Amino acid sequence: MTNYRDSKGRTISLKKRIGGSGEGDVHRTDRTGYLAKIYKKPTSQRTKKLGFMVANPPKNPTAKQNHVSIAWPTELIYDGGTCVGFLMPSIENAKELNEVYSTQRRNQLLPTFNWYYLHVTAQNIALIVNSLHTNNYIIGDMKPQNLMVNTNGMVSIIDTDSFQVTDS
């Protein structure tokens, strides 16, 4: 795999590819707890947006519980002088929201996940949306596959680089 650098010149090594889309691929990295998204066609407009996002993260509403609720870009990734992607927190041991709200799938995957946890999950989604909207961020792709839920009903939103941001 290719070695990239962060804004401080430190090497970032990509490990296993774990997902992707038409715009880019997501990889495990040599940095514990972080994934990298590498774009297939980087643009200066995307670099400006990501730079703004790195400098202006929203408040994590579940930080007191040591939980990452928003997989926000934390660092830009460079290949030479070109920004090709970003680092973001890895969300581990979680299921997509559609696996949780489907009674049949929930009973198979999370048999102890009862109504209480469903209410906690709903509350945590509301907290995330409130935190993002308070910072004038607009969720660009609000779908169940982008909301990850752990066994305690803690929620994390992913694909945050699709959000709309406004730099006043």
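How big is the accessible area of M88 in square angstrom, nearest 10, if you roll a 1.4 angstrom probe over the protein chains?
Accessible area, nearest 10 Å²: 20 Å².
Report T62's accessible area, 1.4 Å probe, all protein chains in place, as a number in Å² to the nearest 10.
Here the residue's solvent-accessible area equals roughly 10 Å².
With every protein chain kept in place and ligands, DNA and RNA left out, what is the accessible area per residue of the chain? Probe 1.4 Å, answer in Å².
Using a 1.4 Å probe on heavy atoms only, each residue of the chain averages 57 Å².
What is the projected area of the convex hull of the Cα atoms of segment 34-168, averaged over all directions, in nm²?
About 8.7 nm², averaged over all directions.
Consider just the alpha-carbon atoms of segment 54-99 and return their Rg together with their Dmax, both in angstrom.
13.6, 41
Averaging sequence separations of C-alpha pairs under 8 Å and six or more residues apart, then dividing by the length of the chain, give the relative contact order as a whole percent.
RCO, the chain: 20 percent.
Helix 115-134 sits at what angle to the longest principal axis of the chain, using alpha carbons and giving 0 to 90 degrees rounded to 10?
Taking the Cα atoms of the chain, the angle to 115-134 is about 40 degrees.
Output needed: percent of Cα pairs per 5 Å distance bin for segment 15-82, bins running from 0 to the one holding the longest distance.
Bin by bin from 0 Å, the calculated values are 3, 14, 21, 26, 21, 11, 4, 1.
Using alpha carbons only, how many angstrom separate the centre of segment 85-102 from the centre of segment 103-150?
Going from one Cα centre to the other spans 10 Å.
What figure, in Å² to the nearest 10, do you get for the accessible area of K40 with a 1.4 Å probe and non-protein molecules left out?
K40 has an accessible surface of roughly 120 Å² with all protein chains in place.
What is the calculated FRET efficiency for S13 to D141, with r their C-beta to C-beta distance and R₀ = 35 Å, to the nearest 0.05? Could you put the intermediate results ahead of the total?
Working: r = 29 Å, r/R0 = 0.81.
It comes to 0.75.
Where the accessible area of the chain is counted over protein heavy atoms with a 1.4 Å probe, how much of it, in %, is carbon and sulfur?
Ligands and nucleic acids excluded, carbon and sulfur give 48 percent.
Quick one: of K64/K95; K48/K95; K41/K95; K16/K64; K40/K95, which pairs are farther than 25 Å apart, Cα to Cα?
K48/K95; K41/K95; K16/K64; K40/K95
For helix 44-55, what angle does its Cα long axis make with the longest principal axis of the chain, in degrees from 0 to 90 and rounded to 10?
Rounded to the nearest ten degrees, it is 60.
The values are calculated or read from the model by the stated rules, or taken from the named source; none is laboratory data. Please read all numbers here as calculations on a predicted model, not as lab measurements. Don't worry about glycine lacking a Cβ; one is built from the backbone with ideal geometry, like all the others, and counts go over all protein chains shown. What goes into the accessible areas is simple: the full protein's heavy atoms, side chains included, and nothing from ligands, DNA or RNA. Shrake-Rupley method; radii C 1.70, N 1.55, O 1.52, S 1.80 Å.
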